[in-house]
Structures are given as C-alpha cells and as structure tokens.
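First up is the structure itself, then whatever we jot down about it.
The values are calculated or read from the model by the stated rules, or taken from the named source; none is laboratory data. Just so it is clear, the model here is predicted, and its values are computed rather than measured. All Cβ positions, even for glycine, are placed from backbone atoms using ideal geometry, and neighbour counts span all protein chains on display. These accessible areas exclude ligands, DNA and RNA; they are computed on the full protein's heavy atoms, side chains included. Shrake-Rupley method; radii C 1.70, N 1.55, O 1.52, S 1.80 Å.
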Amino acid sequence: FSWVQETARHVGTVVHRMLEHWDEARPATPAGIDAQQPLIGALLARLGVPVAQRAAATATVLEALQRTWEDPRGRWLFDPGHRDAATELALSGLVDGRLVSAVIDRSFVDADGTRWVIDYKTSRHEGGDVEAFLAQELERYRPQLSRYATLARALGREPVRAALYFPLLGAFRAYDQ
C-alpha cells in the first residue's frame, strides 16, 4: 500500500529531524525522549500521516530514539567530546569529475582523529537474517557513502570513514573503502 510507504518515509524524516537536535541537546533520560511524543505527533501530522496511522508512527519514532539512546554506538555518535560535530551537513564538490551535493546526517572527528560521516537508515527488518539484510543495505548504499567520504575529505586532513546507522535495529555498519 502506498500510504504505508509514505508513512514509513515520514517516520524516517521525523527520526532524522529529532536526531538532528540531539547535537545540541541530547535527552538525558528515556523520559526525556518520551516527553517528545506531542512534538513527534505534530510533526507527523504536518507531514500528512493519516490519523489512523499516527499513533503507530509516533511509537516507531520513539522506538528509534530510545534504541539510539540505549545503544552504546548510538550514544557514541552524539558524544559531546567529538570535534567538528555537525548534523545535516550540506556539502558540494567534484566527485569523479561531476559537481555533486549531499546532506550528511552526522559528521564528526573522533578521539582517534578520524572524521566520520554517518547516514541514518530507519528501515526495519522483519525477516530472519538481520546480518544478511545489513550487508545488503551496506552494499546498496556503498556509492552514496563513497560520495559522502569523497566530499568530507575536503573538510580536513583527517582520514575519513563512512557508515550506516540503523536506529530501529541498533546496528552500525562501516563502509571500508
């Protein structure tokens, strides 16, 4: 059903928007995330999520945020000790001789001096082989991650790594170039 796909897309948009603000004010407790329920519902309504789907969509957004908060890797993404941290980082440049633009969900330089570019994926895998799904998604988004890494190299002399983060799965997959 097309409305299910649209609702899933809008859930992803709201998860991205909520995580964008974690750069400035990450919730200190799970209750802080739950307190965002009215805002999440309003954002979903503004995007056109049908009333009949809104409660489930809100619950999915809250689940993604809770899992990110509970996941050590998810918390690492928003560690205030990272240098040059940015969310929704817009970059443009030449990649393979073509001018391209991209918006990177999260970027930072970690304690080891590596610049990370992270792309959030709010897909949910209901099947059995989660590892195969994650490997397939990493392969599917490899060209995008490569493009992001190429653009991020212009930000400094640090080595650059790219990864996918799946908030609903608590999964992190680095792209090895």
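So that you can scan it fast, the table gives a plain yes or no per residue for (1) among the aromatic types (Phe, Trp, Tyr); (2) assigned to a helix (DSSP H, G or I); (3) surrounded by 18 or more Cβ atoms within 10 Å (Cβ to Cβ):
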position: 38; (1), (2), (3): no, yes, no
position: 46; (1), (2), (3): no, yes, no
position: 49; (1), (2), (3): no, no, yes
position: 57; (1), (2), (3): no, yes, yes
position: 61; (1), (2), (3): no, yes, yes
position: 75; (1), (2), (3): no, yes, no
position: 80; (1), (2), (3): no, no, no
- Query: Just a yes or no: is a residue in the stretch 93-109 free of Cβ contacts under 8 Å to residues at least 24 places away in the same chain, surrounded by fewer than 16 Cβ atoms within 10 Å (Cβ to Cβ), in a helix (DSSP H, G or I) and on the phi < 0 side of the Ramachandran plot?
  - Reply: no
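Quick check on this structure: which one of 139, 126, 131, 158 is without any contact (Cβ under 8 Å) to a residue 24 or more places away in the chain, part of a loop (DSSP other than H, G, I, E, B), of a type in the set (D, E, K, R) and open to solvent by 20 Å² or more (accessible area, probe 1.4 Å)?
Of 139, 126, 131, 158, the one residue that is without any contact (Cβ under 8 Å) to a residue 24 or more places away in the chain, part of a loop (DSSP other than H, G, I, E, B), of a type in the set (D, E, K, R) and open to solvent by 20 Å² or more (accessible area, probe 1.4 Å) is 126.
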- Message: Which numbered condition in (1) more than 14 Å from the chain's Cα centre (by Cα); (2) open to solvent by less than 20 Å² (accessible area, probe 1.4 Å) is the only one that residue 118 fails?
- Response: (1)
- What number of residues within the stretch 110-123 are touching a residue at least 12 places away in the same chain (Cβ under 8 Å), assigned to a loop (DSSP other than H, G, I, E, B) and either on the phi < 0 side of the Ramachandran plot or among the basic types (Lys, Arg) (or both)? 6
